[in-house]
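These notes concern the structure reproduced below.
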Amino acid sequence: ATFKERSQAIIDEYMRDHPVKRLQIGAGSSRRDGWLNTDIEPGAGLAYLDASKQFPFDDGTFHYIFSEHVIEHLTYDEGKVMMAEAYRVLAPGGKMRLSTPNLARFIQLFDQNPSEEAKAYLKGKVEWHQWPQDANRAAIILNLQMSSWGHKFTYDPETLGGALTRAGFQNVREFEENISNDPYLRDLEARVGGMFERWSDYETMTIEVEKPALVRSGTQ
């Protein structure tokens, strides 16, 4: 059976066994207990999901959606599809959390007086990826960050927040990695740990949004 065909059993079992339904888009190696972990590439315990196409779920299915370092692998138009589909499959009042590189942080590296953290990042980032150190590191980092790993569109907070708002979401809020007001959305970012965690924290923005709760008709 194909990955897609095998997925249906995983989806059906998850839906049956979990009263609080949580969808992780683009899980990769980062599987989360209690979540329906999906990816476009096959892997143990994963269900198939192409984030740029219609999701294989009914409207209002999930209470939570989480996606870490995925949306930058989609074009701007594909990202709009992902946001629209996430909105559709979330239940009213449901929440989504997205972590993705922050374009503004890379642009800030060109400042004539960079912060201490930016200076440390300029050194640490090129060492982390073994990138060239013999040119303007800000230029190396910006170019290779945008073009490596299949990245297609990098957002800043204003662009991502605006796109999410146009998709119907509300209460756009920015958080540090692994921090949230909602216990279901805490301690989820897991792609980078150890000595590189500092650089991941520096370059990543994490945004939470909500799908509006149902409004009773006839009430003001």
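The values are calculated or read from the model by the stated rules, or taken from the named source; none is laboratory data. Predicted model, so just to flag it, every value in this text is computed and none were measured. Don't worry about glycine lacking a Cβ; one is built from the backbone with ideal geometry, like all the others, and counts go over all protein chains shown. Accessible surface is based on the protein model in full, side chains and every heavy atom, while ligands, DNA and RNA are left aside. Shrake-Rupley method; radii C 1.70, N 1.55, O 1.52, S 1.80 Å.
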Pairwise Cα inverse-distance average, inverted: Kirkwood Rh of the chain (Å): 18.5
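Using the C-alpha gyration tensor of region 100-144, what are the square roots of 5 times its eigenvalues, in whole angstrom, with the largest one first? Numbers along the way, then the final one.
On the way: eigenvalues 45, 30, 21 Å².
Those come to 15, 12, 10 Å.
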If the reach is capped at under 20 angstrom between alpha carbons, list the aspartates and glutamates near K123, excluding any in the same chain fewer than eight residues apart. D111, D134, E197, D201, E203
What figure in square angstrom, to the nearest 10, would you give for the accessible area of R186 with a 1.4 Å probe? 100
Using a 1.4 Å probe, how large is the accessible area of V70, given in Å² and rounded to the nearest 10? 20
If one takes the longest principal axis of the Cα atoms in the chain, at what angle in degrees, from 0 to 90 and to the nearest 10, does the Cα axis of helix 157-166 lie? 20
Which whole-number value in Å² is the accessible area per residue of the chain, probe 1.4 Å? 51
Contact order relative to length for region 54-97, counting C-alpha pairs under 8 Å separated by 6 or more residues, stands in percent at 64
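So for region 82-169, averaging the separation of alpha carbon pairs under 8 Å that are six or more residues apart and normalising by length, what relative contact order in percent results?
On the way: 48 pairs, mean separation 35.6, N = 88.
Across region 82-169, relative contact order equals 40 percent.
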If you build a Gaussian network model of the chain, linking Cα atoms that sit under 10 Å apart, which residue out of S200, S180, S29 swings the most? S29
For each pair in K80/K152; K4/K80; K21/K95, compute the distance between the two Cα atoms and list the pairs where it is over 19 Å. K4/K80
Gain in length, D182 to W128, computed as 0.36 nm per residue apart minus the alpha-carbon separation, to one decimal in nm? 16.3 nm
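Please report the relative contact order for the chain, taking Cα pairs under 8 Å with a sequence separation of at least 6, and give it as a percent rounded to a whole number. Walk me through the numbers before you get to the answer.
Working: 353 pairs, mean separation 45.3, N = 220.
RCO, the chain: 21 percent.
Which percent, to the nearest 5, of DSSP beta bridges fully inside the chain are antiparallel? Working shown, then result.
Details: 11 of 25 bridges.
In the chain, DSSP labels about 45 percent of beta bridges as antiparallel.
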Gyration tensor verdict on region 6-72 (Cα atoms; rounded if a/c is under 1.5, prolate if a/b is larger than b/c, oblate otherwise): rounded
Excluding ligands and nucleic acids, what accessible area in Å² is computed for E210 using a 1.4 Å probe, to the nearest 10? 40
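Is there a quick way to get the dipole size of the chain? I mean about its Cα centre, with the Cβ of Lys and Arg at +1 and of Asp and Glu at -1; what is the value in debye to the nearest 20?
Working: 25 positive and 33 negative charges, 71 e Å.
Value, rounded to 20: 340 debye.
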Quick one: helix 76-89 against the long Cα principal axis of the chain, what's the angle to the nearest 10°, folded into 0 to 90? 30
Highest GNM mean-square fluctuation, the chain, Cα pairs closer than 10 Å: which of A27, A135, A120? A135
